[in-house]
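Some notes on the structure that comes next.
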Amino acid sequence: MPDRLRERADLLDYVERFSEILIASGVQRMSARVFSYILADDAASYTAAELADGLDVSLAAISGAVRELTTMGLLFKGRRPGTRADVYQLNEDDIWGSIILERSPLIERYKSLALEGMDTLPPGPGRDRLEQTAEFMQFWLDEVQGMGERWTARLRARRAAQDHGDGSEA
């Protein structure tokens with residue numbers, strides 16, 4: 001098999017393997033495949049047609065997937081300069097930080113709703129579970145703030161090392 005075909009087969013095999021972990025965490029199969037493809041392939045951005053061609057699926061399948069991924073904040077939608085084509089891309093500067101660390105508003109909502117339930121329900125096991133939920137969500141919010149600060153510092157150090165050409169990573 002020619003090198004280019006082998007590389008493509010390896011890429012698609014990896015996409016399938018990486019998508020399995022996303023599927024296990026609740027992401028729809030096609031959305032998981034699209035995200036994994038964009039993560040592992042080399043282009044900076046993709047049109048829906050490029051994604052369909054790359055994954056050998058229909059444009060309709062891509063349409064639903066990119067809609068879900070942009071709604072989830074996993075992809076960003078933009079335009080290629082000089083064209084009317086929508087393109088999809090990751091936050092190249094901070095792929096996982098932008099995905100994981102920006103979940104704080106959702107966690108705040110969990111916490112608020114748990115606190116509301118505690119105010120509404122009488123003492124008992126259900127109310128106790130809501131109290132634990134609110135406590136955990138506050139713990140998560142406290143921890144993620146520090147994690148975000150440490151992650152930002154790590155990215156800065158990594159970029160500084162790359163800018164100085166030493167290739168080391170923090």
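Between E149 and I107, what is the FRET efficiency for a Förster distance of 22 Å, r being their Cβ-Cβ separation, to the nearest 0.05? Working from the Cβ atoms, E equals 0.85.
Rounded to the nearest 20 debye, the dipole magnitude of the range 96-163 is 440 debye, with +1 charges on Lys and Arg beta carbons, -1 on Asp and Glu beta carbons, and the Cα centre as origin. Which option, (i) 43, 18, 13; (ii) 29, 16, 16; (iii) 36, 23, 16, is the value of semi-axes √(5λ) of the Cα gyration tensor in Å that was calculated from these coordinates? Here semi-axes √(5λ) of the Cα gyration tensor in Å agrees with entry (iii). The separation of the range 106-128 from the range 55-83, counted between C-alpha centres, amounts to 36 Å. Between the helical axis of 59-72 and the longest alpha-carbon principal axis of the chain there is an angle of about 40 degrees.
Taking each residue as 0.36 nm, the span from D128 to Q89 lengthens on full extension beyond its C-alpha to C-alpha distance by 9.8 nm. Relative to the longest principal axis of the Cα atoms of the chain, the long axis of helix 125-163 makes an angle of roughly 40 degrees.
Which of rounded, prolate, oblate describes the range 3-90, given a ≥ b ≥ c as roots of the alpha-carbon gyration tensor eigenvalues and a/c under 1.5 marking rounded, otherwise prolate only if a/b is larger than b/c? Here the range 3-90 falls in the oblate category. Over the C-alpha atoms of the range 96-163, the Rg to Rh ratio, Rh being the Kirkwood estimate, stands at 1.23.
Extent along the principal axes, Cα only, for the range 126-166: 57, 10, 7 Å, with the longest axis given first. In a reduced charge model with +1 at each Lys and Arg Cβ and -1 at each Asp and Glu Cβ, the chain shows a dipole moment near 380 debye about its Cα centre.
Between the helical axis of 104-120 and the longest alpha-carbon principal axis of the chain there is an angle of about 20 degrees.
None of the figures in this text is laboratory data; all of them are computed from the coordinates on show. What you are looking at is a predicted structure, and each value in this text was computed from that prediction instead of being measured. Backbone-built Cβ (ideal geometry, glycine too); neighbour counts: all protein chains shown.
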